[in-house]
Amino acid sequence: MVSAQAVGADTDVQPEENDEEGNAQHMSARKSVLGLVAVSGAALLLSSCSTAAEPDNSDSTGTECNVGIAMPTRSLERWINDGEGLQALLEADGCTVDLQYADNKTDQQISQLQNMIANGAKILVIASIDGTLLGPVLEDAAAEGVVVIAYDRLINGSPNVDYYATFDNYSVGTLQGEFIEEQLDLANDAGPFNLEPFAGSPDDNNARYFFAGAWDVLLPYVQSGQLVVQSGKSPASNDEWASIGILEWKTATAQAEMENRLSSFYTDDKVDVVLSPNDSLAQGISAALAGNGYTPGVDWPIVTGQDGDKASVINILADMQSMTVWKDTRTLGARVHTMIQSIIAGEEVEVNDTTTYDNGVKVVPSFLITPEVVVKDQVQSKLIDSGFLKPADVGL
Ligand code: BGC
């Protein structure tokens, strides 16, 4: 049995700016905009008829900074931070901003996007719910010359996605897989250990990447017998990830699933490690473990996570979650803010990946930010000292 103590993991990650700037490539926003205008015949972004009576949100080329931000849900802390953070940056520039949350309902998100277009948005920033269903509304956007930035989650199946800004999703999974590998000393043939893997929402394109990153590390140990999945819920390949996906990333669904697995497969045995792709699932998994008599610091399994949610950081401090892959949403907001400033100014938009994110129609020029692991003894130095969380948020 391995304790949940996660101290001493080697989690050093290079400061992201160096990596990002080093690999930076450039795409011409003006070219993209001109392309859209040529196709649609709508010269919205090149309007030169600003007048003194108009709000002060235009640059010298007359391009209006009118931005629609479509976020999936308020039920997860990170999206609130994402949306409000970006809104504040843009409003400080004098932009007009319409920020909407869609309660994880795609229909609602589509009508919000339609309203944004009708109300004159020139740029849409979209953290999609099910990106595959946005094709028609993005056609409307393209017809109006609107520039579309996929935020955090790629939008699949549409040519009308201009840029993608995200954390490196595959790396998130790699960090989780490597954490488990190191904590259990799997590379030195330790084992067997009982593993229960979970994956994210089947309609979220990111979930596939998170799982692939982790499973590329862990599957060889499942095949060697060092990791044993007693429930049998062990995808034979990365492509089968959705079979263990938790719809809408719901905490309660993850809890129910973990309770089922514990009561069906762990009556005589203990689970040693749970691969959880994010914090909302980890919270449900931890609740199930507590309800089944596992004791923090004694027989609590390794539990992974992602986001740095307050509730999960509290669990990390209480030895009920082993780590979180922290994605500083302020960095992502700042990156999208920079993209928008470039688009508005008619300048090149900086990207650092033009190969990874094929949405089925095109490879979307992307800016990938480096995520990093946080364990218990790094909560203060990484999450609190950076101002991401306040001490009182997590009982410190
Ligand atoms: C995001 C994660 C988040 C999850 C649930 C994913 O697309 O990248 O940060 O935990 O959605 O909202």
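Straight-line reach from LYS310: which aspartates and glutamates fall under 19 Å, measuring Cα to Cα and dropping same-chain residues less than 8 apart?
Counting by Cα, and skipping residues close in sequence, LYS310 has these aspartates and glutamates nearby: GLU77, ASP82, GLU84, ASP279, ASP319, ASP328, GLU372, ASP377, ASP385, ASP393.
With the dipole of the stretch 169-306 worked out from charges on the C-beta (+1 for Lys and Arg, -1 for Asp and Glu) around the Cα centre, which of PRO301, GLY177, SER243 lies farthest toward the positive end?
In the stretch 169-306, that residue is SER243.
Note down the nm distance, to one decimal, between modelled labels 7 Å out along Cα→Cβ at ASP216 and at ASN260.
With each label placed 7 Å out from Cα toward Cβ, I get 3.0 nm.
Hey, can you grab everything whose amide H is under 5 Å from the amide H of ILE369? Only 5+ residues off in sequence or another chain; H modelled, so Pro and N-termini drop out.
The list, which skips near neighbours in sequence, is THR166, PHE167, ASP168.
Find the relative contact order for the stretch 123-220 and round it to a whole percent, using C-alpha pairs within less than 8 Å whose residues are 6+ positions apart.
It comes to 29 percent, rounded to a whole number.
Under the 0.36 nm per residue contour assumption, what length would be gained going from the current alpha-carbon distance of ASP269 and ASP185 to full extension?
28.2 nm
Relative contact order of the stretch 90-171: what whole-number percent is it, with Cα pairs under 8 angstrom and at least 6 residues apart?
Value for the stretch 90-171: 24 percent.
Per-residue accessible area for THR356 at 1.4 Å probe radius, Å² rounded to 10?
The accessible area of THR356 comes to roughly 60 Å².
If you add up the charges near PRO301, with Lys and Arg at +1 and Asp and Glu at -1, over every other residue whose beta carbon is less than 13 angstrom from its beta carbon, what do you get?
-3
Taking 0.36 nm per intervening residue step and subtracting the Cα-Cα distance, what contour gain separates ASP239 from ALA143 on full extension?
31.1 nm
Could you order ASP393, ASP279, ASP103, ASP189 so the one with the most accessible surface comes first? Probe is 1.4 Å.
Greatest to least solvent exposure: ASP189, ASP103, ASP393, ASP279.
Starting from the Cα-Cα distance between ILE80 and ASN115, subtract it from 0.36 nm times their residue separation and give me the gain in nm to one decimal.
Length difference between fully extended and current span is 10.5 nm.
Let me know the charge dipole size of the stretch 169-306 about its Cα centre in debye, to the nearest 20, where only the beta-carbon of Lys, Arg (+1) and Asp, Glu (-1) is charged.
240 debye
Over its Cα atoms, what ratio of radius of gyration to 2.2 N^0.38 Å does the stretch 187-330 give?
With N residues counted in the stretch 187-330, Rg over 2.2 N^0.38 Å equals 0.97.
Once label points are set 7 Å from the Cα along Cα→Cβ at both ALA392 and LEU317, what is their separation, rounded to one decimal in nm?
With each label point 7 Å from Cα toward Cβ, the separation is 1.3 nm.
With bins 10 Å wide starting at 0, give me the P(r) of the stretch 253-396 over every alpha carbon pair, in whole percents.
Reading upward from the zero bin: 11, 31, 25, 20, 10, 2, 0.
Of LYS122/LYS390; LYS250/LYS270; LYS105/LYS382, which sit over 26 Å apart, Cα to Cα?
LYS122/LYS390; LYS105/LYS382
R0 = 45 Å: FRET efficiency of ALA290 with THR354, Cβ-based, nearest 0.05?
Approximately 0.50, to the nearest 0.05.
The values are calculated or read from the model by the stated rules, or taken from the named source; none is laboratory data. Computed from a predicted model, the values in this text were never measured in an experiment. We place every Cβ from the backbone using ideal geometry, glycine too, and count neighbours over all the protein chains shown. Just so you know, the surface numbers come from the protein's heavy atoms only, side chains and all, with ligands and any DNA or RNA stripped out. Shrake-Rupley method; radii C 1.70, N 1.55, O 1.52, S 1.80 Å.
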